[in-house]
Amino acid sequence: MPHDEGVKASDLDLPTLVTLTGPAIVSRVLQGITDAGYPGVKPSHGYVIQRLVEEEPTIGALAESLGMTQQGASKQVNDLERLGYVERVGDESDLRVRYVRLTASGRSVLEAGRQARADLEREVVTRVGQRKVNAAKAALVALLEITDLEQYVATRTVPLPET
């Protein structure tokens, strides 16, 4: 019986490579955020934080944007609030209405995530060169277009992955 040399990563198709590397990249970015002094961030928190970069939605609007129940959105906000990364603020004209916004620490978490991703990209550029990284980005943008996700990137409303 011949010895099986295993599968070479370079023989895998692009969607499989993306699927396999995605969770490892998320883990690496979260570790970078933790190492920067911001523990407790989960992958799902990133989807909430992205929606707070330019807006201060109500829980209801946040839930709708995330495609989840208000209870689910409240849980995410409670987690982030406990960590000190978001806060709820009242509407001066209607005390019943409360908005969710990033705190200074929450903005720092956002920057720590950006830095961790930039560090990872620099590491890839060092290994394969900028030209190949640009070609990989073009291929991945095509995958975003094919999977109808590109429209959500521009508006910071990428849906949560289905579980």
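The values are calculated or read from the model by the stated rules, or taken from the named source; none is laboratory data. Note that this is a predicted model, so its numbers are computed, not measured. A quick note on method: Cβ atoms are made from the backbone with ideal geometry, for glycine too, and the neighbour counts reach across all protein chains shown.
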**Prompt:** Quick check, is Val153 touching a Leu at 6+ places or on another chain (Cβ under 9 Å), closer than 29 Å to Leu52 by Cβ and among the β-branched types (Val, Ile, Thr)?
**Reply:** yes
**Message:** Could you list, ordered by first residue, the pairs with Cβ atoms under 8 Å in which the first is in the range 151-163 and touching a residue at least 12 places away in the same chain (Cβ under 8 Å) and within 11 Å of Tyr47 (Cα to Cα) and the second is in a helix (DSSP H, G or I) and of a type in the set (A, V, I, L, M, F, W, C), at least 6 apart or interchain?
**Reply:** Pro159/Leu66; Leu160/Leu66
**Request:** Examine the range 103-118 for a residue that is modelled with pLDDT of 95 or more, surrounded by 12 or more Cβ atoms within 10 Å (Cβ to Cβ) and under 21 Å from Thr16 (Cα atoms), and state whether such a residue exists.
**Result:** yes
**Prompt:** Restricting attention to the range 66-109, which residues are among the small types (Gly, Ala, Ser), in contact (Cβ under 8 Å) with a residue 24 or more places away in the chain and within 20 Å of Asp35 (Cα to Cα)?
**Reply:** Ser105, Gly106, Ser108
**Request:** Tell me which residues, restricted to the range 117-150, are in a helix (DSSP H, G or I), closer than 25 Å to Ser44 by Cβ and among the hydrophobic types (A, V, I, L, M, F, W, C).
**Result:** Ala118, Leu120, Leu140, Val141, Leu143, Leu144, Ile146
**Positions within the range 59-83 being surrounded by 15 or more Cβ atoms within 10 Å (Cβ to Cβ) and not in a helix (DSSP H, G or I), in sequence order** = Met68
